[in-house]
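The values are calculated or read from the model by the stated rules, or taken from the named source; none is laboratory data. Because the structure is predicted, anything quoted here is derived from the model rather than measured. Because the Cβ atoms are built from the backbone with ideal geometry, glycine has one as well, and the counts that use them run over all protein chains shown. In case anyone asks, the SASA skips ligands and DNA or RNA and just uses the protein heavy atoms, side chains included. Shrake-Rupley method; radii C 1.70, N 1.55, O 1.52, S 1.80 Å.
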Amino acid sequence: MQLMSEKGAAGGGLRERKKRATRAALTEAAVRLAAEHGAEKVTVEAISAAAGVSVRTFFNYFDSRDDAFVVIDADAGARMRRAVLDAPADLSPLAALCEAMAAELAEAEQQHELWRLHAEVLHASPHLLARGVGAHMAAEADLADAIALRLRGDGGTGGEGPGLYPRLLAAVAGAAVRTSMDHWSAHQEEAAFLDVFHEVFTLLAAGLPAPSA
């Protein structure tokens, strides 16, 4: 996952906001067209037209057509990395990661349909699914690296690998997000998504105690 200028990705300058909005529009158009027609039948021209931009603009954001299908928000990893590194020092690594993820997932309920369609598109196309898995693994490794840098307190200049604990925490956090989303999708009338998400992280922080009978 590209980490671009992390501060720029996380910042709120007008130019950056416009760029993120254009990329989001292209990604949403690609996913919706692929869900309706099949990814292999969707052209760059069709995606660009649906997003209201030129083909030239499309290639300012993506190297190929398939890139538009793989991840919904390519900058999310950079923002979470920065949030983990910048979190208050008194927060545990788990709490810092929880807050970073919660900030990215705040609009999950509004984007639920798009996430669902995105999953359908990836699962309908083996090569896109493989790329999606690869992107997820890269994002997870990036988070593990941020956790390791936070633990070492070197401000992001360390050269050693993340180690066991950061890798495990990043993997567990990813599983927690998927579990939260799956549970909320089946019980949307019972609780808001972020409430489910925070409940899952509370259970993690408590050491996953078995529920009382």
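Before moving on, here are some points about what is shown:
- Pair list, Cβ under 7 Å, 6 or more apart: region 89-115 residue of a type outside the set (A, V, I, L, M, F, W, C), other residue open to solvent by less than 70 Å² (accessible area, probe 1.4 Å) and assigned to a loop (DSSP other than H, G, I, E, B): GLU99/ALA87; GLU109/ALA192
- Residue in region 82-92 that is in a loop (DSSP other than H, G, I, E, B), open to solvent by less than 20 Å² (accessible area, probe 1.4 Å), more than 20 Å from ALA171 (Cβ to Cβ) and of a type in the set (A, V, I, L, M, F, W, C) present: no
- Within region 25-54, the set of residues being more than 14 Å from SER125 (Cα to Cα) and open to solvent by 50 Å² or more (accessible area, probe 1.4 Å) comprises GLU28, ARG32, THR43, GLU45, ALA49, ALA50, GLY52, SER54.
- Within region 192-202, the presence of a residue that is open to solvent by less than 60 Å² (accessible area, probe 1.4 Å), closer than 30 Å to SER64 by Cα and either at pLDDT 95 or above or β-branched (Val, Ile, Thr) (or both) is excluded.
- Residues located in region 10-31, provided they are small (Gly, Ala, Ser) and modelled with pLDDT under 90: ALA10, GLY11, GLY12, GLY13
- Of the helices (runs of 4 or more DSSP H) entirely within region 104-189, those holding at least 1 residues that are among the polar types (S, T, N, Q) occupy 164-186.
- Each residue in region 43-67 was checked for being outside any helix (DSSP H, G or I), closer than 23 Å to GLY132 by Cα, free of Cβ contacts under 8 Å to residues at least 60 places away in the same chain and not β-branched (Val, Ile, Thr), and 4 of them qualify.
- Only one entry of HIS118, HIS127 meets the criterion of being of a type outside the set (A, V, I, L, M), open to solvent by less than 60 Å² (accessible area, probe 1.4 Å) and under 29 Å from HIS37 (Cβ atoms), and that entry is HIS118.
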